[in-house]
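Structure first, commentary second.
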Amino acid sequence: MLLEVRDLHVEFRTRDGIAKAVNGVTYAVDEGETLAVLGESGSGKSVTAQAVMGILDMPPGRITGGEILFKGRDLLTLKKDERRAVRGAEMAMIFQDALSSLNPVLSVGDQLGEMFVVHRGMSRKDARAKAVELMDRVRIPAARERVKQYPHQFSGGMRQRIMIAMALALEPALIIADEPTTALDVTVQAQVMDLLAELQREYRMGLILITHDLGVVADVADRIAVMYAGRIVESAPVHDIYKAPAHPYTRGLLDSIPRLDQKGQELYAIKGLPPNLMRIPPGCPFHPRCPMAQDVCRTDVPPLYEVSGTRGSACHFWRECLHA
Amino acid sequence: MPEQPYEPEGAIAGTGMGGAMDLGASEAVSLEKTPGGPDGTGPADKPRSLWSDAWRDLRRNPVFIISVLVILFLVFISLWPGAITSGSPLKCDLAKAQQGSGPGAPFGYNGQGCNVYTRTVYGARTSVTVGVLATLGVAVLGSVLGGLAGFFSGSWDSLLSRITDIFFAIPVVLGGLVLLSVVTSNTVWPVIGFMVLLGWPQISRIARGSVITAQQNDYVQAARALGASNSRLLLRHIAPNAVAPVIVVATIALGTYIALEATLSYLGVGLKPPSVSWGIDISAASPYVRNAPHALLWPSGALAVTVLAFIMLGDAVRDALDPKLR
Amino acid sequence: MGRYVVRRLLQMIPVFIGATLLIFLMVNVMGDPIAGLCGERQCDPATAAQLKKEFGLDKPVWQQYLTYMGNVFTGDFGTAFNGQEVTELMASAFPVTIRLTIVAILFEIVIGITLGVITGLRRGSPEDTGVLLLTLVVISVPTFVTGLLLQLLLGVKWGWIKPSVSPEATFSELIVPGLVLASVSLAYVTRLTRTSIAENKRSDYVRTAIAKGLPRHRVVTRHLLRNSLIPVVTFIGTDVGALMGGAIVTERIFNIHGVGYQLYQGILRQNTQTVVGFVTVLVLVFLVANLVVDLLYAVLDPRIRYA
């Protein structure tokens with residue numbers, strides 16, 4: 001396995017109390033594999049990714065338990081400098097809002113070239129040439145001229161391509177993309193997503209795709225991990241999930257996608273709100289919103305039941321759900 | 001003495017004279033939604049208003065409590081200086097000139113043989129009076145002019161902007177020297193008048209900015225669309241939301257006006273003897289500083305503590321009202 | 001860019017006229033412009049009338065202003081109370097004040113920015129709280145008190161410096177006066193840098209820089225500082241004008257014969273020509289400094305485009 005996250009716990013100390021953002025997340029990605037992590041905002045999907053990258057704000061964040069194994073080494077036990085050398089070179093991250101994630105006062109060439117200067121000790125001139133090459137790679141037209149331009153001079157889609165180029169620069173083994181297309185126009189979304197998928201296949205990288213958009217997932221992901229209140233509630237190969245979800249939350253998410261064949265019908269919505277992370281309900285955290293909840297759900301936290309060899313569900317009634 | 005007007009820190013970048021920095025400002029706003037924390041730590045359960053939230057913060061802030069206590073004490077001794085002193089601040093005895101502390105005179109005597117303790121206590125009245133009245137004048141004039149400019153915009157707004165530019169181009173102490181050097185009346189009024197004359201543009205800029213911001217709120221737009229009258233819009237919807245920055249800046253300005261009065265009195269154009277003012281006493285004590293440093297240090301200390309109290313109060317209120325810093 | 005500069009220069013004209021007219025009116029209408037011309041005595045009515053005629057003071061104020069400005073633009077600033085040309089006074093006073101201002105600005109840059117960066121990076125730490133309180137104290141203590149206290153301690157008690165500055169006013173003599181002049185702005189620069197650093201530290205592009213695996217010093221100097229210092233540079237730029245006009249108190253305390261000293265003398269002796277002349281130049285310096293700052297802003301932040 002390229003990356004294995006085991007029983008990760010993260011909390012945040014805020015002025016109002018301790019928010020338990022991640023509560024025992026376990027997932028794995030292999031080379032050339034795409035794992036989609038799905039969940040509403042506040043489900044802990046981004047926090048988990050930030051913990052993997054080692055860019056969590058600490059404080060207020062704190063990793064209180066678990067392991068992050070990358071190529072067999074536990075990243076959490078590495079020294080600061082060793083950890084830094086992994087970031088960017090062996091794993092890279094693509095952020096949601098490319099405009100605010102790129103430095104507004106440095107040219108894109110400088111920002112791309114910086115990867116080579118810092119990690120590879122290249123001269124500025126060579127790094128500049130590499131930057132042009134990368135921009136060509138992600139199909140930015142007139143790369144040689146535009147390398148001197150600043151982020152605000154690019155369109156949203158082009159900016160996100162620059163983010164991708166930056167992540168790709170040192171050909172890392174793992175890329176984490178945190179909602180890479182959410183901030184883009186629908187037409188551009190597909191182009192950027194296709195480019196990312198194509199490059200991933202080409203370099204055989206592991207890809208963690210964080211999203212709340214089930215539509216994106218179906219095309220590119222191999223596996224899906226659904227998160228709720230800092231936990232994985234369902235983990236399965238992508239086709240199994242679309243065929244028959246084994247968790248009522250996943251079912252709710254799938255039912256809330258608008259479909260052409262249901263035109264005119266009322267769209268399904270999961271009732272209620274995600275829980276306050278400072279007061280996660282006892283038992284199954286989803287029970288207050290769950291249409292299938294029984295007494296046992298209010299008292300016992302469901303473990304990740306094994307549905308099949310490749311599939312797990314954290315629902316006491318996964319069988320009923322699967323056949324509903 | 002702060003020669004340049006105090007601006008809340010975020011605003012300084014925008015004090016260029018043209019409107020050319022609007023882009024910078026809007027970028028700053030868009031950068032505000034920094035994630036970093038857990039994605040949505042969840043809203044607190046019961047809604048809290050800006051003011052009640054700020055008050056909850058302030059009650060626990062030692063800086064706020066200390067400055068309020070100091071200010072209450074200052075107000076008390078300005079109203080009843082006799083409560084903690086005996087004798088008149090004008091009763092001086094040259095025979096005691098430059099003496100150290102003695103019975104009834106814990107701070108000693110100054111170069112003219114006046115009781116430094118009594119004079120320092122009585123000096124508070126001048127400072128507090130000038131500070132409070134000048135701030136009231138500046139706040140009222142500045143908010144009305146700035147608020148109207150922000151609300152009606154157009155030519156009235158650009159005219160006002162040009163006028164404030166003119167006032168900002170004149171150094172404050174210099175303006176005070178020129179204007180007050182020809183005044184013969186020895187009351188606090190010319191000093192206060194001068195401060196209002198040169199101070200209002202500072203508040204008017206703040207008020208203009210916050211009215212423009214408040215106006216962009218959806219509920220204000222909605223009220224306007226529903227046909228609310230201008231006066232109703234201004235008084236009920238905009239003013240309550242635009243007033244916080246003005247209060248913060250005015251509180252801090254109060255401190256700087258007290259310092260300005262002392263500076264002008266020190267330069268000999270503010271209040272003149274026989275008025276009692278810390279600035280006058282500090283000026284009078286400076287030639288004797290080798291032999292009687294206490295005559296310089298006590299009024300200086302009182303002045304510094306007073307200004308500090310108001311500036312700390314404003315600072316604490318600003319921090320409490322600024323949700324960005326949470 | 002060129003068109004922007006032209007527009008800004010045009011915009012400066014009304015402000016320049018307004019500010020100088022305001023001072024001209026203050027001095028001429030409120031005061032008695034010939035009071036200083038007969039020495040210590042009051043002028044007798046006949047002499048007064050003659051003097052008024054000689055200086056064109058019997059004409060309406062707006063006409064006087066126009067005449068004066070006309071002269072100024074041909075380089076004639078009039079004569080001071082002792083018969084010296086005002087331009088001569090300027091030639092001796094401005095270099096001194098410019099040196100004083102340079103010292104003050106250097107203090108702002110070196111001490112202010114350093115303290116601001118340190119505290120901004122460690123917000124909430126004991127050193128942050130300490131520096132923050134210190135800046136509040138510095139802002140609160142009026143410059144003349146700071147000046148007198150430093151003069152008392154360093155000059156009188158410990159004898160480290162001469163309590164008053166010689167007429168040559170060399171850089172080394174101006175270190176302490178420059179610190180006094182800078183003190184309040186220094187505190188503002190510290191606070192502004194701190195806020196700016198602390199705000200930008202949480203920004204997305206700094207997170208990106210960390211995710212790129214850059215060493216901490218590179219994240220701070222190349223990414224964080226570049227962005228955070230933009231407002232600080234603007235503040236320091238605008239401060240040049242404010243410091244030169246605000247040196248009156250400092251120059252009086254340390255007996256420095258600069259612009260502030262000449263202005264103070266001019267005001268006390270009600271010498272119209274000196275006061276209006278110096279103020280005119282100061283207002284110009286202020287306006288030009290502001291323009292330069294706005295242009296500098298465009299250089300530092302590529303997002304700003306002036307059209």
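Quick look at the values:
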{"quantity": "Sorted by Cβ neighbour density within 10 Å, fewest at the top, the residues A:MET122, A:MET115, A:MET58", "calculated": "A:MET58, A:MET122, A:MET115"}
{"quantity": "J(HN,Hα) series, the stretch C:174-184, from Karplus relation 6.51 cos²θ - 1.76 cosθ + 1.60, nearest Hz, glycine and proline x", "calculated": "8, 4, 5, x, x, 5, 4, 4, 7, 3, 5"}
{"quantity": "Residue range of chain C that is longest and free of GluC sites (Glu not before Pro) which are both DSSP loop and sparsely packed (at most 12 other C-beta within 10 Å)", "calculated": "C:169-307"}
{"quantity": "Residue-wise HN-Hα coupling along the stretch C:200-208, computed from phi with Karplus coefficients 6.51, -1.76, 1.60 (Hz; x: Gly, Pro)", "calculated": "5, 4, 8, 6, 4, 6, 6, 4, 4"}
{"quantity": "Relative contact order, percent, chain A [alpha-carbon distance under 8 Å, six or more residues apart]", "calculated": "21 percent"}
{"quantity": "At q = 0.09 Å⁻¹, base-10 log of I(q)/I(0) for the protein assembly as shown (Debye sum, equal scatterers on each alpha carbon)", "calculated": "-1.04"}
{"quantity": "Excluding exposed DSSP-loop chymotrypsin sites (Phe, Trp or Tyr not before Pro) (at most 14 other C-beta within 10 Å), longest clean stretch of chain C", "calculated": "C:1-157"}
{"quantity": "Most mobile listed residue (A:VAL25, A:VAL118, A:VAL47) in chain A, GNM with C-alpha springs under 10 Å", "calculated": "A:VAL118"}
{"quantity": "Overall dimensions of chain A as given by Cα atoms, namely Rg and Dmax in Å", "calculated": "20.6, 67"}
{"quantity": "Calculated from backbone phi, Karplus (6.51, -1.76, 1.60) coupling profile of the stretch A:138-150 in Hz, x at Gly/Pro", "calculated": "8, 6, 8, x, 6, 4, 4, 7, 7, 5, 8, 7, 9"}
{"quantity": "Cut-off under 5 Å, modelled amide H: who pairs with A:CYS315 long-range", "calculated": "A:TYR305"}
{"quantity": "Alpha-carbon centroid distance for the pair the stretch B:297-323 / the stretch C:241-307, whole angstrom", "calculated": "28 Å"}
{"quantity": "Flagged links, alpha-carbon separation over 20 Å, of A:LYS20/A:LYS45; A:LYS20/A:LYS80; A:LYS79/A:LYS130; A:LYS45/A:LYS243", "calculated": "A:LYS20/A:LYS80; A:LYS79/A:LYS130; A:LYS45/A:LYS243"}
{"quantity": "Ranking of A:GLU82, A:GLU67, A:GLU40 by count of other Cβ atoms within 10 Å, fewest first", "calculated": "A:GLU82, A:GLU67, A:GLU40"}
{"quantity": "For chain A, calculated [θ]222 nm from helices alone, where every DSSP H run of n ≥ 4 adds -39500 (n - 2.57)", "calculated": "-9500 deg cm²/dmol"}
{"quantity": "Helix-derived mean residue ellipticity, 222 nm - over chain C, DSSP H n ≥ 4, -39500 (n - 2.57), to 500", "calculated": "-21500 deg cm²/dmol"}
{"quantity": "Contact order normalised by residue count of chain C, Cα under 8 Å, 6+ apart, percent", "calculated": "28 percent"}
{"quantity": "Tensor-based shape of the stretch C:89-279 (alpha-carbon gyration tensor, a/c under 1.5 rounded, otherwise prolate or oblate)", "calculated": "prolate"}
{"quantity": "5 angstrom amide H check on A:ILE176, placed H, neighbours 5+ away", "calculated": "A:ALA92, A:MET93, A:ILE94, A:ILE208"}
{"quantity": "Rel. contact order, % - alpha carbon contacts under 8 angstrom, at least six apart, the stretch A:98-171", "calculated": "44 percent"}
{"quantity": "For A:TYR228, residues with placed amide H under 5 Å, excluding near neighbours", "calculated": "A:VAL233"}
{"quantity": "GNM top mover of C:SER125, C:SER164, C:SER92 - chain C, alpha-carbon springs below 10 Å", "calculated": "C:SER125"}
{"quantity": "Aspartates and glutamates whose Cα lies under 14 Å from that of A:LYS125, excluding same-chain neighbours fewer than 8 positions away", "calculated": "A:ASP110, A:GLU114, A:GLU133"}
{"quantity": "Residue among A:GLY44, A:GLY61, A:GLY121 with the largest mean-square fluctuation in a Gaussian network model of chain A, springs linking Cα atoms under 10 Å", "calculated": "A:GLY121"}
{"quantity": "Simple Cβ-charge dipole of the stretch C:89-279, Lys/Arg +1 and Asp/Glu -1, about Cα centre, in debye nearest 20", "calculated": "740 debye"}
{"quantity": "Other protein chain Cβ atoms within 10 Å, averaged over every residue that makes up C:123-134", "calculated": "1"}
{"quantity": "Along principal axes, Cα extents of the stretch A:98-171, largest first, whole Å", "calculated": "30, 21, 21"}
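Taken together, the values in this text are just the output of simple stated rules run on the coordinates, not laboratory data. Quick caveat, the model's predicted, so the values are computed rather than measured. A quick note on method: Cβ atoms are made from the backbone with ideal geometry, for glycine too, and the neighbour counts reach across all protein chains shown.
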